[in-house]
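Heads up, the thing below is written out as structure tokens.
Please treat every number below as a calculation from the coordinates, not as lab data. Since the model is a prediction, treat every value here as computed from it, not as a measurement. So basically every Cβ, Gly included, is an ideal-geometry build from the backbone, and we count neighbours across all protein chains shown.
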Number of protein chains: 2
Amino acid sequence: MITLNTDICRLLEIEFPIIQAGMAGGPTTPQLVAQVSEAGGLGTLGAAYLTPEKLRAEILSIREQTDKPFAVNLFADNPQDDFSRLTEVQEALRPAYAELSIEQPGSSFQSPDYGEEQFRLCLELDVPIISTAFGCLSPEQMKAAKGHGVLVITMATTVAEAIEAQAAGVDAIVAQGSEAGGHRGSFSYEQHPMGAQVGLMALVPQMVDEITIPVIAAGGIVDGRGLVASLALGAQAVQVGTRFVGAKESGAHAAYKQAIFDSNEESTVVTKSFSGRPARGINNRFIELFESAGTKALPFPSHNTVTKEIRGVATKTGNPEFMSLWAGQATRKLIREERAADIVDLMMKQAQALV
Amino acid sequence: MITLNTDICRLLEIEFPIIQAGMAGGPTTPQLVAQVSEAGGLGTLGAAYLTPEKLRAEILSIREQTDKPFAVNLFADNPQDDFSRLTEVQEALRPAYAELSIEQPGSSFQSPDYGEEQFRLCLELDVPIISTAFGCLSPEQMKAAKGHGVLVITMATTVAEAIEAQAAGVDAIVAQGSEAGGHRGSFSYEQHPMGAQVGLMALVPQMVDEITIPVIAAGGIVDGRGLVASLALGAQAVQVGTRFVGAKESGAHAAYKQAIFDSNEESTVVTKSFSGRPARGINNRFIELFESAGTKALPFPSHNTVTKEIRGVATKTGNPEFMSLWAGQATRKLIREERAADIVDLMMKQAQALV
């Protein structure tokens, strides 16, 4: 029998098996995180691009709004900058600069590296749950996290990655299906330069059979049907991103939300154009311009740093054609803003009617 | 509540909501088809590459082995040959010819076109169900099929394709997720040159919400968990391919079966290398050789006709590195041959324990 009251609810001390994904770059305001947790799910702050000062302020803000558990999502892998092909990439970006009337694009770049500081701040502020993308915490970090009683969740896109994360000591795995919006959480880059793209229906049961810790299903899940389907496959919870991007409390730009509301299952592509790492987003003019140039993106985070100016101008002018419109493949039913608490509530009601 | 006794079981007059996929090119022997139908599912003969004589013999053989309903799967779209880039493609195939010691590869090709004859034969022999890939029957064929009381099922990879098929008069739609092995059933080629690749978890609910006829979920489903998950998403049945390729009754080459038993969720790629149409199969030497040449495949069916010799030699010598090893993304648990009836039985038992 399928139950909505799974073991992971007790482990994470949440009422419902619904986790709001930790989407870096704007959507996950403290309000969104707190509202999801207050509603009985698990809110997650997408912290990877936040300065330590901002991260501290946001964690404190979440704490003011809820006593319930929440998670902070970090990037486990923050490589050194590599701008060796910058000239070539700037050349490929020239049409984008032209269309946005950026006359003197930046020429000197440096990516911030807050990874270690962000992690230490989470411990200092007693964040109850840390989740990671692009790999596991380092052995030292894992030991420190465990010493602080922090629960650790890592995203995996293949069974091998899940086995590796389990061996590293994580408490649960997010199985990220190919449907998922945003960055592919893969960390087996050599085998999968565009990220492993295994559909969730295939990924979850195979992962569940090979590891002993709980699996959280992610990718293309927007309603109670997807929740029950994931539980049938052996997952203990779901992680939902795109539907929460469109939440009233989300910090996503109105034009980004509208692009999601206007999109369907055919709208997205997986691209390295924005950040240098493969990510699924709604296809737009920027992706078409950069990909048609035929130039390889710089590695992450350098490419992300270089395109920041373009994304900044797009945000300022409300131009979705040059924003990164991360979204999964199940956006057809997402047509207007909803309160985060209503999303949790509606998903649970629909799920309860099915089990 | 989720029920295994769905409306489509009554429509197709089957006991269980499990359809064995109509895989052209060998796996679907009359024995396999008949055994699946006898076990309470729906067997499907993959007829697209069969001569009319062979198709007649196989349909009669199925009839001898079962009184239960079965389906015949046809390709709805059989384009004219186009060998205009043959020289270039033969050049790209040269390393494959060399490795297989094919000294004088064919130079004059013609693809058979049995589509219309196959269809008429199905009517003549009162085949109860016709399913199609790559689009719908023509309006004339649809009218003739309906006049004969034949049920028609069409595969769709996007909601738009499903809506088009419903408007054409089909009785049910197979929603083919990106996880699925074999050819992408897409027929919106202009938008999706590699076939639309929407994960099943995202595709099924979006399709179910937009059409009124039953949806059959396909792609990465190998067990009762996938069956129940599909029903939770709103499908009324599942179509299973890869697990039946490994059935004792399957006509797949032993080396092909073994390649499936040795594979996992990371093993497959979507490629046009074999047929000119995008299809998911286990990555092997042939795919690597052809793709590394950087030459575009000829269109289907011409490319398929040209590579037939290579696949023929591979089959004769039992060399899986040059066979088309079509397989979905959920092969980890498939490790040995099973009787087709046992597959149906085990899937149902596992599903019954979940609902």
note: the protein assembly as shown, Cα-Cα separations exceeding 48 Å make up a percent value of 17 percent
Distance in nm between A:Thr212 and B:Ile335 label points, each 7 Å along Cα→Cβ, equals 1.8 nm
homo-copy label distances at A:Thr315 (7 angstrom along Cα-Cβ), nm, one dp, ascending, are 5.7
For B:Ser138 and B:Gln350, extending 7 Å from Cα along the Cα-Cβ vector and measuring point to point gives, in nm, a value of 4.3 nm
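Return the Rg/Rh ratio of segment A:1-124 with Cα-based radii and a Kirkwood Rh.
Expressed as Rg/Rh, it is 1.13.
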Segment A:58-108 and segment A:311-355 have their Cα centres apart by a whole-number Å value of 21 Å
Highest mean packing first, using Cβ neighbours within 10 angstrom, the peptides A:194-200, B:8-14 sort as A:194-200, B:8-14
Expressed as a whole-number percentage, the relative contact order of chain B with C-alpha contacts under 8 angstrom and at least six residues apart is 20 percent
Rounded to the nearest Å, the spacing of the alpha-carbon centers of segment B:217-282 and segment A:1-32 is 32 Å
For A:307-314, B:72-79, ranked highest to lowest by mean beta-carbon neighbours within 10 Å, the order is B:72-79, A:307-314
Once amide hydrogens are built 1.01 Å from N within the peptide plane, the residues lying 5 or more places from A:Asp82 or on another chain with amide H under 5 Å from its amide H are A:Ser302
Here the whole-number average of other chain Cβ atoms within 10 Å per Cβ of B:322-333 is 3
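Ordered by packing density, taken as the mean number of other Cβ atoms within 10 Å over each peptide's residues, highest first, how do B:244-253, B:98-107, A:324-333, B:287-296 rank?
Final packing ranking: A:324-333, B:244-253, B:287-296, B:98-107.
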Given a Förster distance of 35 Å, the FRET efficiency implied by the Cβ-Cβ spacing of A:Arg285 and B:Val270, rounded to the nearest 0.05, works out to 0.85
Taking only the Cα positions of chain A, the convex hull volume per residue in Å³ is 122 Å³
What helix-only [θ] at 222 nm does the protein assembly as shown give? Using -39500 (n - 2.57) per DSSP H run of at least 4, over all residues, to the nearest 500, the answer is -12000 deg cm²/dmol
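Within 10 Å of each Cβ in peptide B:127-136, how many partner chain Cβ atoms are there on average? Round it to a whole number, please.
Shielding by partners across B:127-136 averages 0.
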Each label sits 7 Å from Cα toward the beta-carbon; between B:Leu125 and A:Leu86 the label points are separated, in nm, by 6.9 nm
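What pairs in B:Lys146/B:Lys257; A:Lys54/A:Lys349; A:Lys296/B:Lys308; B:Lys54/B:Lys248 have C-alpha atoms more than 28 Å from each other?
B:Lys146/B:Lys257; A:Lys54/A:Lys349; A:Lys296/B:Lys308
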Here the net charge surrounding B:Arg332, from other residues whose Cβ is less than 12 Å away from its Cβ (Lys, Arg +1; Asp, Glu -1), is -4
Output field shielding_mean for B:227-240 (other chain Cβ, 10 Å radius) holds 4
The FRET efficiency for A:Ser188 and A:Asp7, from their Cβ-Cβ distance with R0 = 22 Å and rounded to 0.05, is 0.20
Distances in nm between the label point of B:Gly294 (7 Å along Cα→Cβ) and its equivalents in the other copies, shortest first, are 0.9
